[in-house]
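A.B. asks: Encoded as structure tokens, here's the structure I'll be asking about.
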Amino acid sequence: MKQEIRWGILGTGRIAGWFAKALTVAEGAVCYGAASRTQEKADAFAAEYGFAKAYGSYEELVKDDAVDVVYIATPVREHFENMKLTLAAGKHVLCEKSLTVNAAQAHEAAALAREKGLFLMEAMWTKCQPVFRTIKKWVDDGVIGEVMAVDASFYTATGKDHRLYKHALAGGALLDLGYYPVTCACAFLGARPSAVFSHSIIGAGNVDYLDSIVLEYAGGKFAHLSTGLGAEKTAGIYILGTKGRISIHDELFFQAQRAQAVDFENNVLASCEEPFLMNGYEYEAMEVMECIRAGKTQSALVPLDDSIAVMEILDRCRANAGFAYDFE
Ligand SMILES: NC(=O)c1ccc[n+]([C@@H]2O[C@H](COP(=O)([O-])OP(=O)(O)OC[C@H]3O[C@@H](n4cnc5c(N)ncnc54)[C@H](OP(=O)(O)O)[C@@H]3O)[C@@H](O)[C@H]2O)c1
């Protein structure tokens, strides 16, 4: 029986509900406290997902001594302040992606966690999932030879009233969606490209609704990435090596439950199928709890340096477009 870890959830929106469901299959996870900016929402969330406590403010949750770790599930603009609040109260943190609005904030959050000796991880659920981990192992083992290129995209369509179109919440395609192709390119080609080229189109709501990105690496390696709002939900990836390729297009690549590596004649080099226990968020919860039980302050699967490096690339893309948020 694994040591119990009591979870608090900060913010009761869409992703908070999915994560709360995932906790029910993560051994040792206790759905302890839910916090909202309003007591009514906290009560409703706690009742629906079986949380013992419901708080009408984020401050009350982080002050509760019984909470071991807080999952921050608020819009990107709020992450930095929410992390500071939670870390200052002495609680471990799992914070939704992107970790912050910019790299400066990410550095500061990481430094605060370090200073306090607390665990901090970006909720990059994909890197914790079994299929992603298997693909990473294939790549590290040279199954497709040397990786020369990554081609990835993520598009989605929402109503114009969605947070993605809200400048004041750090909306836009890049921080919410483009984050995935960039993170995966870094995972397979390295977190520090030699050059970042990009073009963004700024549109409705004064947010970026299309971003086209090229990351250049030494040795002629590159990533070709794109992201955008207003198009049917689709997310695909090619990882191209000197001996073959891995491609995921028949499902959203960041939540893939099967994958195949093939050579240039389409002979299968490796394949895997790993159905989720629940919805895919359980693996990041398990990773956080394993790290906390082991007394670690960072996850080897989602290290803070990687999260910071991605924020630096996203900063460069926004600088290339001359696009900053009013509140930065
Ligand atoms: N990993 C993934 O697959 C995935 C998927 C979707 C979203 N996300 C990430 O999860 C975060 C939340 O996304 P979501 O889709 O769950 O958003 P959402 O449905 O809009 O929920 C966000 C929640 O944050 C709280 N909040 C705090 N300050 C707020 C403010 N100023 N304006 C609006 N809400 C505020 C609200 O909860 P209270 O009213 O209860 O305080 C709200 O319900 C984002 O960072 C996003 O990037 C990740």
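A.B. asks: Among the strands (runs of 3 or more DSSP E) confined wholly to segment 159-255, which include 2 or more residues that are of a type in the set (Asp, Glu)? Outline the logic, then answer.
C.D. replies: Details: elements: 195-203, 207-216, 222-229, 234-241, 244-248.
Qualifying strands (runs of 3 or more DSSP E): 207-216.
A.B. asks: Let me ask something else about it. Which members of segment 201-237 meet the condition of being touching a Ser or Thr at 6+ places or on another chain (Cβ under 8 Å), buried (at least 16 other Cβ atoms within 10 Å of the Cβ) and of a type in the set (Ser, Thr, Tyr)?
C.D. replies: Once the filter is applied, which keeps residues that are touching a Ser or Thr at 6+ places or on another chain (Cβ under 8 Å), buried (at least 16 other Cβ atoms within 10 Å of the Cβ) and of a type in the set (Ser, Thr, Tyr), segment 201-237 yields Ser212, Tyr217, Ser226, Thr227.
A.B. asks: What tally of residues in segment 47-80 results from selecting those that are more than 11 Å from the ligand (Cβ to nearest atom) and in contact (Cβ under 8 Å) with a residue 12 or more places away in the chain? Steps first, please.
C.D. replies: At the first step, the residues of segment 47-80 found to be more than 11 Å from the ligand (Cβ to nearest atom) are 47-53, 59-60, 62-70, 80.
Pick out the ones that are also in contact (Cβ under 8 Å) with a residue 12 or more places away in the chain and you get 48-53, 59-60, 62-64, 66-70, 80.
Here the count works out to 17.
A.B. asks: With Thr234, Thr242 as the choices, which residue is closer than 23 Å to Phe188 by Cα, in contact with an Asp or Glu (Cβ under 6 Å, 6 or more places away or on another chain) and of a type in the set (Val, Ile, Thr)? Break it down into steps so the answer makes sense when it comes.
C.D. replies: Values: Thr234 fails: in contact with an Asp or Glu (Cβ under 6 Å, 6 or more places away or on another chain).
Exactly one residue qualifies, and that residue is Thr242.
A.B. asks: On to the next question. So Leu175 clears everything in (1) more than 18 Å from Ile239 (Cα to Cα); (2) more than 16 Å from the ligand (Cβ to nearest atom) except one condition, right? Which one?
C.D. replies: (2)
A.B. asks: Which of the residues that make up segment 81-117 are within 16 Å of the ligand (Cβ to nearest atom) and farther than 20 Å from Asp65 by Cβ? Please lay out each step first, then the result.
C.D. replies: The first filter runs over segment 81-117 and keeps only residues within 16 Å of the ligand (Cβ to nearest atom), leaving 81-86, 93-102, 105-106, 109.
Listed by number, the residues that qualify are Glu81, Cys95, Glu96, Lys97, Ser98, Leu99, Thr100, Val101, Asn102, Gln105, Ala106, Ala109.
A.B. asks: Looking only at segment 47-85, which residues are over 19 Å from the mean Cα position of the chain (by Cα), crowded, with 16+ Cβ neighbours inside 10 Å and of a type outside the set (D, E, K, R)?
C.D. replies: Once the filter is applied, which keeps residues that are over 19 Å from the mean Cα position of the chain (by Cα), crowded, with 16+ Cβ neighbours inside 10 Å and of a type outside the set (D, E, K, R), segment 47-85 yields Tyr49, Phe51, Ala54, Tyr55, Gly56, Tyr58, Leu61, Val62, Val67, Leu85.
To keep it simple, each residue is scored yes or no on (1) of a type outside the set (S, T, N, Q); (2) free of Cβ contacts under 8 Å to residues at least 12 places away in the same chain; (3) not assigned by TED's automatic domain parsing to the domain that holds Val25.
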| residue | (1), (2), (3) |
| --- | --- |
| Arg258 | yes, no, yes |
| Ala261 | yes, no, yes |
| Asn266 | no, yes, yes |
| Leu269 | yes, no, yes |
| Glu284 | yes, no, no |
| Gly295 | yes, yes, yes |
| Ser299 | no, no, yes |
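A.B. asks: Answer yes or no as to whether Leu120 is within 11 Å of the ligand (Cβ to nearest atom), surrounded by 21 or more Cβ atoms within 10 Å (Cβ to Cβ) and among the hydrophobic types (A, V, I, L, M, F, W, C).
C.D. replies: Details: within 11 Å of the ligand (Cβ to nearest atom): no; surrounded by 21 or more Cβ atoms within 10 Å (Cβ to Cβ): yes; among the hydrophobic types (A, V, I, L, M, F, W, C): yes.
Against the criterion (within 11 Å of the ligand (Cβ to nearest atom), surrounded by 21 or more Cβ atoms within 10 Å (Cβ to Cβ) and among the hydrophobic types (A, V, I, L, M, F, W, C)), Leu120 does not qualify.
A.B. asks: Separate question: Does Val143 count as out of contact with any Gly (no Cβ under 6 Å at 6 or more places or on another chain), crowded, with 24+ Cβ neighbours inside 10 Å and either touching a residue at least 12 places away in the same chain (Cβ under 8 Å) or assigned to a loop (DSSP other than H, G, I, E, B) (or both)? Even if it seems obvious, please write down each step before you answer.
C.D. replies: Values: out of contact with any Gly (no Cβ under 6 Å at 6 or more places or on another chain): yes; crowded, with 24+ Cβ neighbours inside 10 Å: no; either touching a residue at least 12 places away in the same chain (Cβ under 8 Å) or assigned to a loop (DSSP other than H, G, I, E, B) (or both): yes.
Spelling it out, it is not the case that Val143 is out of contact with any Gly (no Cβ under 6 Å at 6 or more places or on another chain), crowded, with 24+ Cβ neighbours inside 10 Å and either touching a residue at least 12 places away in the same chain (Cβ under 8 Å) or assigned to a loop (DSSP other than H, G, I, E, B) (or both).
A.B. asks: Residues being touching a residue at least 40 places away in the same chain (Cβ under 8 Å), over 19 Å from Gly56 (Cβ atoms) and either more than 15 Å from the ligand (Cβ to nearest atom) or not β-branched (Val, Ile, Thr) (or both): count how many of those fall in segment 7-16.
C.D. replies: Within segment 7-16, the first condition is being touching a residue at least 40 places away in the same chain (Cβ under 8 Å), and the residues that meet it are 7-13, 15-16.
Then keep just the ones that are over 19 Å from Gly56 (Cβ atoms); that gives 15.
Keeping just the survivors that are either more than 15 Å from the ligand (Cβ to nearest atom) or not β-branched (Val, Ile, Thr) (or both) gives none.
The number of residues fulfilling the criteria is 0.
A.B. asks: Based on what the data block shows, is Ile135 under 20 Å from Ala223 (Cβ atoms), in contact with a Phe, Trp or Tyr (Cβ under 9 Å, 6 or more places away or on another chain), part of a loop (DSSP other than H, G, I, E, B) and not hydroxyl-bearing (Ser, Thr, Tyr)? Spell out the reasoning first.
C.D. replies: Values: under 20 Å from Ala223 (Cβ atoms): yes; in contact with a Phe, Trp or Tyr (Cβ under 9 Å, 6 or more places away or on another chain): yes; part of a loop (DSSP other than H, G, I, E, B): no; not hydroxyl-bearing (Ser, Thr, Tyr): yes.
For Ile135, the condition - under 20 Å from Ala223 (Cβ atoms), in contact with a Phe, Trp or Tyr (Cβ under 9 Å, 6 or more places away or on another chain), part of a loop (DSSP other than H, G, I, E, B) and not hydroxyl-bearing (Ser, Thr, Tyr) - is not met.
A.B. asks: Separate question: Mind listing whichever residues of segment 96-121 are touching a strand residue (DSSP E or B) at 6+ places or on another chain (Cβ under 6 Å), over 20 Å from Lys166 (Cα atoms) and outside any helix (DSSP H, G or I)?
C.D. replies: Leu118, Phe119, Leu120, Met121
A.B. asks: In addition: Sort out which residues of segment 17-46 are in a strand (DSSP E or B) and either surrounded by fewer than 22 Cβ atoms within 10 Å (Cβ to Cβ) or near the ligand (Cβ under 10 Å from one of its atoms) (or both), and write them in order of number.
C.D. replies: At the first step, the residues of segment 17-46 found to be in a strand (DSSP E or B) are 29-35.
Residues satisfying the conditions are Val30, Cys31, Ala34, Ala35.
The values are calculated or read from the model by the stated rules, or taken from the named source; none is laboratory data. Just so you know, these numbers come straight off a predicted model, no measurement behind them. So basically every Cβ, Gly included, is an ideal-geometry build from the backbone, and we count neighbours across all protein chains shown.
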